Ligand SMILES: [Zn+2]
Ligand SMILES: [Zn+2]
C-alpha cells in the first residue's frame, strides 16, 4: 500500500534535489524550430531574503513558463541580481562587512530559497550586475554614449549633508533632513555630474507608447505624464527696476496673459535666492516652502500639495501690456519643470485660481466661452448683464476679451499670433517642453560601476580606451570615511596615467546609478557568457522583444523608461533590431497583511521560509495565485495557505488511492488513456458524461486564463471543482479509461501551479516522460458544451416562461422547476394550482 499522507517537505526536497542535479533542465535551446517565448520577472535586489512580494511575482512568471513549455515553446526563463546600490554600503557601515562579501552572501541565500520554492530558472544565464564581467559592459555602453554626445557633464544640484560632508541620495533625505542626522537640514550643492541625454528620445519614447497595446493602460499614462510633452511659449517678465533681472515664464496658455495677476517662482529659482539673500524674513519662508516641496516630492504627491506661497514684495512687468504684477514664491512650482517660473492667471487655471482665492490675488477674466458669443451680444442689446461663465474657465474653446489688439481672437489663433508677437518684439517665443529631464547618472558612492573617464591636466576629460575596460572597482575601501566619494580616498584607484599623453591623471570617482545596470540586463541573459561584446546581436534578435515581462507597478516610470531609452540607443548603434524591449507587460498587485503593507516595524511580515516549512512551497505559491487575481492587492491569510494545503492533500490522497499499483496496471491504464481518443460522448452514461464535460470545461477555463486575463484564482477554483466531481464519482462505475484520462489531465492542469506535487503524481501514474515538456491538455468544445434542454412553460395554455434543464432530469424534476420559476411565480401567485402537465415537450400549469 502507498502512503496516502501528503508530506510536502519530503516530496519537495526529493524533487528539488533531482532538479538541481540536472543543469540543463530549464535551459533554453540555442537553436530551435519551436516558436520562442521569453518570459521574465524583474530581477531582485539581493537584500538577503525573499519576501512574499517576490514569491508572488515569480509564481506568476513560473506558472507561465511551465505552461509555455507544455505548449511546445522554446522558453527562456532566466534570473539574476540587481546587486549594486546603497543598501550594501549601509550594511557595510552597520555590520563591518565589505559590500561585495555581503552582496554575494545574500545572493547565495536567496538562490537557496528560490530553488526550494521550485522556480524553473535557467541558472546557466545568471547575471550578477556587481561583477566586472557584467559592469564592464556598462562602461562600454557609456563610452558609446559619450562618442555620440549622449553622455555629457554639467553642473547640477545634489543633496548635501554638512554633517556627513557627503552627497545623499534622494531616498536618504527624510523630511528635508539627513537620514543619519535627523536635525540637520540637507543643503543643495552644485557639483559637476554626468548625464545621459534621454531627452533626445523624448518624442519617440512618447510616440511609441501607442505601439504598446499590451502594456497596462495605467503604466502608459504614467509614462506619458512623466515625459510630459507640452507646447507653449516662453515670455520674459522683467523685475520693475532698471537693470532688473528677467524672469522667463513658461506657459501653455499665452492667450490668457492679459489675465496674469502675478508671477510665481519656484522656491529654488535663482531669482528667489537672490531676492531672499537681501531679505531674512523672506529667506525663512522660502526655506519652509522648499521643505514642504521636498516632503511632497518624497511622498510622490506633489500634484496634491497644499499650496502655500509668499509675496516677495517685488514687481515684474508684463511685456504685453506693461502692467506691474506682484512676484510670489510658491511651493507647488517646480524648478525642474519648464523654467521654474509661471505667470499666474487665476481666471483660467485651476491651481492659480485656488492660490489666488487663498491669498486674495485679483482674478481677471480674459476668455469667454465661444458659444456664448451670441448670448453676450443679445444680452448687451438688452443692456442686461450676460451670465458670466463659472471661473476658472479653463478650456481652449473660447475667445479673448480685455486683451487689447488680440481681443476677439479664438484661443487657438491667439496662441499662435501672440507667441509670434513675442518673438518679433524679442521678449519670448513658441517652445516645446518636456517634463522628462536628462538622466543624471553620477553617484558619489562606492558600490556601483566606475565611470570610465579620467581627468588630465593637459587634455581635460579623456575617456578610458575600450581595450582598458573594465575599470575595476577596488575592494577594501573604507566607506565609513566622510567627505566626497569613497573612491577619492583610494589613491591606487584615483591616480592613473592619461591614455592620451601618458602624463599623470585622476580617475572619475563617481559611480553609475544602478538603474544603468537594469536598463539592459535582459539582453545579457540571451548571451550571458559573452566576453567580446555585451551580447551577440543575432542571438538577441532571436529572443527579443521579451514576450512577457512581470514586475511591480513601482517600476512603471524609471526602470521602464530608462530601459526603453537604452533599447532605442542600442538600435541606433546597430546592436538590436527591435524598437522596444517589452511586448507585453504585467504589473502584479502588492501583498499586504491585516490591511497594511508588510514591514518589519509593523511586525506583519510573512516569511516564505516559514510558509514552506508549514505548508510546503506548492501551497505557498499556489495560494499567492489563488487568493485574488494577480493584478490586485492581496491580503495575506495564513488560513488561506492552509486551505490550499488541504486541497493539495486531497489531490495527493486521491491519486495515491487510484494510481495503478503494478507495472501491468500501469500499462493497462496507459493503453486505456490512448483508447480514450475514441471515447465518444454519446457512448457514455450520464454520470461519466458529466465528468468528461467537467474536465473539458476546466481545461478550457485554465487555458483561456493563461491566454487572456490571467485570473489564476478562477483557474485554480475550476481545478478544485473538477477534483470535487472526481471525488464524488470515485465510487461509481466509470469506464476505467475515462477515469485514468481525467486523473492524468488533473495532474497536467496542476503542473504550472503546484509543480512539486504534479511531478510526484505524474511519476505515481507511471509516466516516464518529463512532465515539464508533457503536452498541455486540449479541450474539445463539443465535449465541454453543457447539454441542456429548453422547455416552454405555459400557465393555462399561454406561454409564460422557459426553463433550462439537463437532459438527465426526470419528469417530476422538470415540473417542479417550472412551478418554481420566478416569472411563473408571478403569474400563479395567490392562485390555486389545479394540476401540472408535462407533455414531453412543454409544461402546462393549470391554475384557478
Ligand atoms: Zn548626515
Ligand atoms: Zn593627457
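Just so you know, all these numbers are worked out from the coordinates, no wet-lab data involved. Since this is a predicted model, take the numbers as computed values, not measurements. Glycine also receives a Cβ, built like all others from the backbone with ideal geometry; neighbour counts cover every protein chain displayed.
Taking square-rooted eigenvalues a ≥ b ≥ c of the alpha carbon gyration tensor, is the stretch 70-129 rounded, prolate or oblate, where a/c under 1.5 means rounded and, failing that, a/b exceeding b/c means prolate?
Taking the square roots of the gyration eigenvalues as a ≥ b ≥ c, the stretch 70-129 is prolate.
Arrange the peptides 114-125, 751-762, 597-608 so that the one whose residues have, on average, the most other Cβ atoms within 10 Å appears first.
Ranking the peptides 114-125, 751-762, 597-608 by packing returns 751-762, 114-125, 597-608.
Using every Cα-Cα pair within the stretch 26-145, state what percent have a distance larger than 21 Å.
Within the stretch 26-145, distances greater than 21 Å cover 48 percent of Cα pairs.
Tell me the Kirkwood hydrodynamic radius of the stretch 74-193 in angstroms, computed as one over the mean inverse distance between distinct C-alpha pairs.
Hydrodynamic radius (Kirkwood, Cα only) of the stretch 74-193 equals 17.7 Å.
Exposure proxy check: 522, 838, 493 ranked by fewest other beta carbons within 10 Å?
838, 493, 522
Hey, what did the chain get for relative contact order, percent, Cα under 8 Å, at least 6 apart?
14 percent
Need the C-alpha centroid separation for the stretch 276-341 versus the stretch 3-33, integer Å.
If you average the Cα positions of each part, the centres end up 61 Å apart.
For the stretch 199-282, what's the relative contact order in percent, using C-alpha pairs closer than 8 Å and at least 6 residues apart?
Relative contact order for the stretch 199-282 comes out at 17 percent.
Under the definition of Cα pairs under 8 Å and six or more residues apart, what whole-number percent is the relative contact order of the stretch 540-585?
Here the relative contact order equals 60 percent.
Expressed as an acute angle from 0 to 90° and rounded to the nearest 10, what is the orientation of the C-alpha long axis of helix 558-572 relative to the principal long axis of the chain?
80 degrees
Can you work out the base-10 log of I(q)/I(0) for the stretch 704-762 at q = 0.28 1/Å, using the Debye formula on its C-alpha atoms alone?
Ignoring solvent entirely, the Cα scatterers give -1.18.
Gap in Å between the Cα centre of the stretch 450-478 and the Cα centre of the stretch 698-758?
So the separation of the two Cα centres works out to 59 Å.
How large is the helix-only mean residue ellipticity at 222 nm for the chain, computed as the sum of -39500 (n - 2.57) over DSSP H runs with n ≥ 4, divided by its residue count, in deg cm²/dmol to the nearest 500?
-12000 deg cm²/dmol
On a 0 to 90 degree scale, rounded to 10, what angle separates helix 617-626 from the longest Cα axis of the chain?
70 degrees
From the Cα gyration tensor of the chain, with a ≥ b ≥ c the square roots of its eigenvalues, which class applies: rounded if a/c is under 1.5, or else prolate if a/b is larger than b/c, or else oblate?
It comes out oblate by the Cα gyration axes.
Please label the shape of the stretch 290-333 as rounded, prolate or oblate, based on the square roots a ≥ b ≥ c of the eigenvalues of the alpha-carbon gyration tensor (a/c under 1.5 means rounded; beyond that, a/b larger than b/c means prolate, else oblate).
prolate
Just rank 33, 395, 628, 103, fewest to most, by other beta-carbon atoms within 10 angstrom.
The most exposed by this proxy come first: 33, 395, 628, 103.
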